[in-house]
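This report concerns only the one structure given below.
The values are calculated or read from the model by the stated rules, or taken from the named source; none is laboratory data. Please read these numbers as outputs of a predicted model, since none were measured by experiment. Because the Cβ atoms are built from the backbone with ideal geometry, glycine has one as well, and the counts that use them run over all protein chains shown.
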Amino acid sequence: MFEAYFKLGFEHILDINGLDHVLFLLALTMPFSLKDWKRVIILATAFTVGHSVTLALSALDIIKVNSDLIEILIALSIFITALLQIIKKQSDQKLKKEYGLALLFGFIHGMGFSNFFKSILGKDNITIPLLSFNIGVEMAQILIVLAIITFNTAVFKYLKNRGYWVYTVGGLVCLWSLKLIVERL
């Protein structure tokens, strides 16, 4: 059981049909390099904690979600994250705010998957499925963010101003997320 739910969590993040998570992680980590790896892992973990909480609350029938609204909010969370990266000063180090937003947006993204997850859960103990699924999510996210910051590090060696990268990638992510918002309206 552990392995099946771990794999489901891992594949949930890497699923090409669900690019939302990867876009969000790109928006979240685009200004960072390998020297920031601890901070980036904590950001990804804050996102996973939020994701985990809403999955658990939904699995226990404590919250009900409107899937259409959540899909719009997911796209909006990607847009907001990318926009905040573009407009913030590179020297702005408000860690609590970044972690808080990652947690909040994790809540929203978790709700997006909660109906499907709930449908595959048995009525028995949900602890092992939730735990193994979320470990799979976290492992996939760590791989993605490490790949992103490794790539960023290489790019930053050739750019005199890191802001150019953030503006370009952030702008593209904003446009893509706006497209998602319009499609989901």
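Taking the condition polar (S, T, N, Q), in a helix (DSSP H, G or I) and over 16 Å from residue 42 (Cβ atoms), does residue 152 pass? It is true that residue 152 is polar (S, T, N, Q), in a helix (DSSP H, G or I) and over 16 Å from residue 42 (Cβ atoms). Among the residues making up the stretch 85-102, none is among the aromatic types (Phe, Trp, Tyr) and at pLDDT below 65. There is no residue in the stretch 104-115 that is surrounded by fewer than 17 Cβ atoms within 10 Å (Cβ to Cβ) and outside any helix (DSSP H, G or I).
Identify all residues within the stretch 149-177 that are free of Cβ contacts under 8 Å to residues at least 40 places away in the same chain and either buried (at least 17 other Cβ atoms within 10 Å of the Cβ) or in contact with an Asp or Glu (Cβ under 9 Å, 6 or more places away or on another chain) (or both); write none if there are none. Steps first, answer last, please.
Looking only at the stretch 149-177, we keep the residues that are free of Cβ contacts under 8 Å to residues at least 40 places away in the same chain, and these are 151, 154-155, 157-161, 164, 168, 172, 175.
Those that are free of Cβ contacts under 8 Å to residues at least 40 places away in the same chain and either buried (at least 17 other Cβ atoms within 10 Å of the Cβ) or in contact with an Asp or Glu (Cβ under 9 Å, 6 or more places away or on another chain) (or both): none in the stretch 149-177.
Would you be able to say whether some residue in the stretch 75-94 is in contact (Cβ under 8 Å) with a residue 24 or more places away in the chain and of a type in the set (D, E, K, R)? Checked the stretch 75-94: no residue is in contact (Cβ under 8 Å) with a residue 24 or more places away in the chain and of a type in the set (D, E, K, R).
A single member of 163, 136 is small (Gly, Ala, Ser), part of a helix (DSSP H, G or I) and more than 18 Å from the chain's Cα centre (by Cα), and it is 163.
Given the structure, is residue 86 under 24 Å from residue 154 (Cβ atoms) and either part of a helix (DSSP H, G or I) or of a type in the set (D, E, K, R) (or both)? Let's see the steps before the verdict.
Values: under 24 Å from residue 154 (Cβ atoms): yes; either part of a helix (DSSP H, G or I) or of a type in the set (D, E, K, R) (or both): yes.
Judged against the criteria, residue 86 is a match.
Of the residues 146, 130, which single one is modelled with pLDDT under 90 and surrounded by 13 or more Cβ atoms within 10 Å (Cβ to Cβ)? Among 146, 130, only 130 is modelled with pLDDT under 90 and surrounded by 13 or more Cβ atoms within 10 Å (Cβ to Cβ). I'd like to check something: does the stretch 153-168 contain any residue that is of a type outside the set (Ser, Thr, Tyr), under 21 Å from residue 102 (Cβ atoms), modelled with pLDDT of 90 or more and in contact with a helix residue (DSSP H, G or I) (Cβ under 7 Å, 6 or more places away or on another chain)? Yes, that holds for at least one residue. Under the condition of being exposed (fewer than 13 other Cβ atoms within 10 Å of the Cβ) and assigned to a helix (DSSP H, G or I), the residues counted in the stretch 5-38 number 2. Of all the criteria given as (1) under 21 Å from residue 12 (Cα atoms); (2) outside any helix (DSSP H, G or I); (3) out of contact with any helix residue (DSSP H, G or I) (no Cβ under 9 Å at 6 or more places or on another chain), the one not satisfied by residue 125 is (1).
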